Amino acid sequence: MAVDDEVGVLHAVRRDLSSHYSGRFRILAAESGESALEALRELKVRGDPVALLLVDQRMPGMSGIEFVALALELFPDVKRVLLTAYADTEAAIHAINDVQIDYYLLKPWDPPEERLYPVLDDLLDDWLAEFRPPFEGVRIVGHRWSAASHQLKDFLGRNQVPYQWLDVEISDEARAVVEAAGQAAGLPLVVLPDGGVMQAPSIAQVAVRIGMSEKAELPYYDLVVVGAGPAGLAAAVYGASEGLHTLLVEAEAPGGQAGMSSRIENYLGFPSGLSGADLARRGLTQARRLGAEILTPQQVTALRVEDGYKILSLAGGDEVNARALRSRQSCRSTWWSGYTRPPISRWPSVARWPAWTAPTTWKM
């Protein structure tokens, strides 16, 4: 990043940097220390590394040395070069001790092949030698005992979405991200790979932002499967393999209870066993390859039958029509208008009958 309040000088610096380094680095420029700090805060929140700062010493409002001192709080490992006029060399020498300036360059730096690039090449090589690429997936920043943080981690983990957890109580990086996002930032923070930041989001909001689908592409399907446990995944695979327009609806995460098992030894076709997460991943991959559409997280809130078609109401208000429905749900009178509760006299030992859970399949 180049920082200089003189527009002409800034353009010249950016031109020379771009001609030599644009193939390996992203070149940024700022016309003041304040705007440069704002850009650095955004980069910090997004998790983007900063390799080098090339800063003019004489800037109104904030000197180059003052800017570097503040920038070090965000990126302590960044390489620091001060641009100075001949009259400012004394201040530059003091800055080497005060804010650990790595080098200072006198204006003008022509020709850059002799007076600019050799210095920056050496500093960038040092930086690259110690650089460790940051995690590029979803990052969650919050408190260890927060229920909302736990729910987000559980949702991403069960849906096999890579994420990094940062605890604000023990992680300096987490506190830096929160500070860069603003003191009023609501926790947990979800930092997305594209740099977007979500403050205390819901599961549904996160699902949409990371590319999960909660809206059906078609109004009509040959087969709708509710619940993506092992049986539901198998039904979706079989239906899609027969050429049926198949929709799989899952409220939380594929795999169901089996998806949370560390090891499954008695599943047909896997003599050495496999984990529940691996079973869910294999089933989803197979269903998608065969053409099944998958909605998650999504809930079916109501079901009715009209003219032989099953009409499912989804949590978002949309409706889906199906010729055949495969579901394992708790059949309640408020959920399925066609369900008749068994008389209580048939269950003398039961004081109350809140629900009847049974696998239910409607065939074409």
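Points to keep in mind about this one:
- Taking a point 7 Å out from the Cα of residue 77 in the direction of its Cβ, the residues of the stretch 156-195 whose backbone N falls within less than 17 Å of it are 171-177.
- The stretch 124-272 shape via C-alpha gyration tensor axes, a/c threshold 1.5: prolate
- Both radii are taken from the alpha-carbon atoms of the chain; with Rh as the Kirkwood radius, Rg/Rh is 1.17.
- For the chain, the longest principal axis of the C-alpha atoms and the axis of helix 230-241 are separated by about 90°.
- Segments 130-136, 225-231 sorted - mean Cβ within 10 Å per residue, highest first: 225-231, 130-136
- Stretchable slack from residue 268 to residue 106, in nm (0.36 nm times residue separation minus alpha-carbon distance): 51.0 nm
- Accessible surface area normalised per residue over the chain is 54 Å², counting heavy atoms of protein chains with a 1.4 Å rolling probe.
- At 0.890 mPa s and 25 °C, Stokes diffusion of the stretch 1-109 via Kirkwood alpha-carbon radius, µm² per second: 177 µm²/s
- For the stretch 112-141 versus the stretch 304-329, the gap between their alpha-carbon centres in whole angstrom: 55 Å
- Spin-label model distance (nm) - residue 11 vs residue 215, 7 Å beyond Cα toward Cβ: 4.4 nm
- Expressed as a whole percent, the accessible surface of the chain that belongs to carbon and sulfur atoms is 51, based on a 1.4 Å probe.
- Shape category assigned to the stretch 185-332 from the gyration tensor of Cα positions, a/c cut at 1.5: oblate
- Computed [θ] at 222 nm, helices only, for the chain once each DSSP H run of length n ≥ 4 contributes -39500 (n - 2.57): -10500 deg cm²/dmol
- Between 0 and 90 degrees, the angle of helix 33-46 with respect to the longest Cα principal axis of the chain falls at about 30 degrees.
- In straight-distance terms, cross-link reach from residue 215 covers every one of the aspartates and glutamates whose alpha-carbon lies under 16 Å from its own, apart from those fewer than eight places away in the same chain; here that gives 250, 252, 293, 318, 319.
- For the stretch 1-77, chymotrypsin sites (Phe, Trp or Tyr not before Pro) meeting the loop criterion (DSSP other than H, G, I, E, B) and having at most 13 other Cβ atoms within 10 Å: none.
- Length-normalised contact order of the stretch 205-321 in % [C-alpha pairs under 8 Å, at least 6 apart]: 29 percent
- For residue 199 and residue 231, the difference between the fully extended length at 0.36 nm per residue and the C-alpha to C-alpha distance is 7.9 nm.
- Inter-label distance, nm, simple model (7 Å from Cα along the C-beta direction), residue 321/residue 170: 5.6 nm
- Spin-label proximity, residue 257 to the stretch 280-294 - amide N less than 17 Å from point 7 Å beyond Cα toward beta carbon: 280
- Straight Cα distances below 24 angstrom link residue 44 to the lysines 79, 153, with same-chain residues fewer than 8 positions distant left out.
- Gyration tensor analysis over the Cα atoms of the stretch 228-289 returns equivalent ellipsoid semi-axes of 21, 13, 8 Å (largest first, whole Å).
- Relative contact order, whole percent, for the chain stands at 11, derived from Cα pairs under 8 Å and 6 or more residues apart.
- What the Cα convex hull of the stretch 137-191 gives, in volume per residue, is 68 Å³.
- Across the stretch 189-199, coupling constants 3J(HN,Hα) worked out from phi with the 6.51/-1.76/1.60 Karplus curve, θ = phi - 60°, read 8, 10, 9, 8, x, 7, x, x, 10, 10, 9 Hz, and Gly and Pro carry x.
- Between the amide H of residue 79 and those of 52, 53, distances stay under 5 Å, these residues lying 5 or more places away or on another chain, with hydrogens modeled in the peptide plane.
- Entry note, the stretch 234-300: relative contact order of 48 percent, from Cα contacts under 8 Å with a spacing of 6+ residues.
- The alpha carbon gyration tensor of the stretch 76-156 gives principal lengths a ≥ b ≥ c with a/c of 1.5 or higher and a/b greater than b/c, which makes the shape prolate.
The values are calculated or read from the model by the stated rules, or taken from the named source; none is laboratory data. Just so we're clear, the structure is a prediction, and the values are computed from it rather than from any experiment. With ideal geometry, Cβ positions are generated from the backbone for all residues, glycine too; neighbour counts draw on all protein chains shown. Remember, those area values only see protein heavy atoms, side chains included, never the ligands or the DNA or RNA. Shrake-Rupley method; radii C 1.70, N 1.55, O 1.52, S 1.80 Å.
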